[in-house]
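**Student:** Handing you a structure now.
The values are calculated or read from the model by the stated rules, or taken from the named source; none is laboratory data. A quick note: this is a predicted structure, and the numbers were derived from the prediction, not measured. Cβ placement follows ideal geometry from the backbone for every residue including glycine, while neighbour counts extend to all protein chains displayed.
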Amino acid sequence: MEVIRALSVSINGVTKISTGVFKSDISPSDINSLGNPLMKKPGKNILLIDNFDYQSSDSTISFEPKKLSILSLGTSNETIIINNFVDIKEDRPRIEVSSGSNTINSSGDNKLLMEIRHKLPRMAEIGEKLIKELRRHYSGHFERSDSGTFIHRIDNFIAIKIQPTDKSLRIFIRGNPEIFEELSSLEIKPDRNSYSRFKIEDSSQLEDAIKAIHLAKKKE
C-alpha cells in the first residue's frame with residue numbers, strides 16, 4: 001500500500017471478486033495507520049470506501065483517505081474492500097439521492113446498512129426496510145458520529161445506534177414519550193433534550209417504529 005502526498009492512497013495487487021467487492025493483502029498495521037476501525041476481531045480486514053478508482057490494467061485501487069471506513073481490523077493480511085457506490089446485496093448500481101424513492105440512496109445510508117450487516121446480521125433486513133421507508137418519505141442522509149451513532153442530517157429528528165451486545169437497534173427520536181404512547185410494541189423512554197429512545201429487537205416492532213418516525217418528523 002502506498003500513500004501519495006497524504007492526499008491519495010493506492011492499494012496494489014487487488015483482485016476483483018464480484019461487482020464492487022475486491023480483495024488484497026494489506027497488513028493490519030498499515031490499515032490502522034489510516035484511521036480508527038469500527039471494530040477489531042480475529043480474521044480478515046474489511047474496508048468500505050466511497051467511490052474509489054479501480055485500474056484493472058495494473059490491479060490498483062486509489063482513493064482519498066477521508067473516504068475510507070475501516071469496518072473491521074483483523075489479524076491477518078487478507079483484506080476485503082467494498083465500493084460504497086454499489087449495492088452489494090442487490091448487485092446493481094447505486095442510485096443518487098432523491099426524495100420520494102424507497103431506495104437506500106446516499107453514502108451515509110449505505111454506511112449505516114453495511115455496519116448493521118457486519119455487526120448485527122440478523123437485523124440487516126429490518127434495518128434496510130426502516131431506512132427505505134424513511135427515504136421514501138423524507139430526503140436527507142445519515143452521518144456517523146464519533147460515538148458510532150448515525151444521525152439524520154440536516155434535521156436531526158432521528159438517530160440510530162447499533163447495539164451488538166443486546167442484538168438491537170436503538171432509535172432516538174424527537175418528542176417526549178407521551179406522543180408515542182399508542183405504539184404498544186415499543187418501550188419508549190425519555191432521553192435528553194426532549195428526545196425519546198426505544199429499541200427494535202425483532203420484525204414485530206417494525207410497523208410501530210415506522211409510525212414513531214413519522215410522529216417524530218411532525219414535531220419539527
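**Student:** Can you tell which of Ser168, Ser194 is modelled with pLDDT of 90 or more and of a type in the set (S, T, N, Q)?
**Tutor:** Ser168
**Student:** Out of segment 145-162, which residues are among the aliphatic types (A, V, I, L, M), out of contact with any helix residue (DSSP H, G or I) (no Cβ under 7 Å at 6 or more places or on another chain) and over 14 Å from Arg192 (Cβ atoms)?
**Tutor:** Passing the criteria: only Ile154.
**Student:** Still on this structure: Is it true that some residue in segment 159-166 is within 19 Å of Arg122 (Cα to Cα), of a type in the set (D, E, K, R), out of contact with any Cys (no Cβ under 8 Å at 6 or more places or on another chain) and in contact (Cβ under 8 Å) with a residue 24 or more places away in the chain?
**Tutor:** Yes: segment 159-166 contains one or more residues that are within 19 Å of Arg122 (Cα to Cα), of a type in the set (D, E, K, R), out of contact with any Cys (no Cβ under 8 Å at 6 or more places or on another chain) and in contact (Cβ under 8 Å) with a residue 24 or more places away in the chain.
**Student:** Moving on. Of all the residues that make up segment 60-74, how many are assigned to a loop (DSSP other than H, G, I, E, B) and out of contact with any Ser or Thr (no Cβ under 7 Å at 6 or more places or on another chain)?
**Tutor:** 1
**Student:** OK, next. List every residue pair whose Cβ atoms sit under 6 Å apart, with the two residues 6 or more apart in sequence or on different chains, where the first one lies in segment 54-65 and is of a type in the set (A, V, I, L, M) and the second, anywhere, is in a strand (DSSP E or B).
**Tutor:** The qualifying pairs are Ile61/Ile11; Ile61/Tyr54.
**Student:** Is there any pair with a first residue in segment 66-85 that is closer than 18 Å to Thr19 by Cβ and a second that is among the polar types (S, T, N, Q) and assigned to a loop (DSSP other than H, G, I, E, B) whose Cβ atoms are under 6 Å apart and which are 6 or more apart or on different chains, and what are they?
**Tutor:** Listed pairs, sorted by first residue: Phe85/Asn51.
**Student:** Here is a follow-up. May I ask you to list the residues in segment 135-156 that are at pLDDT 90 or above and either within 18 Å of Leu206 (Cβ to Cβ) or buried (at least 20 other Cβ atoms within 10 Å of the Cβ) (or both)?
**Tutor:** The answer is Phe142, Phe150, Ile151, His152.
**Student:** Can you tell me which of (1) buried (at least 17 other Cβ atoms within 10 Å of the Cβ); (2) more than 22 Å from Ser69 (Cα to Cα); (3) modelled with pLDDT of 90 or more; (4) charged (D, E, K, R) is the one Asp202 doesn't meet?
**Tutor:** Going through (1) buried (at least 17 other Cβ atoms within 10 Å of the Cβ); (2) more than 22 Å from Ser69 (Cα to Cα); (3) modelled with pLDDT of 90 or more; (4) charged (D, E, K, R) one by one, Asp202 breaks only (1).
**Student:** Is it the case that Ile210 is crowded, with 18+ Cβ neighbours inside 10 Å and out of contact with any Cys (no Cβ under 7 Å at 6 or more places or on another chain)?
**Tutor:** No: the conditions fail for Ile210.
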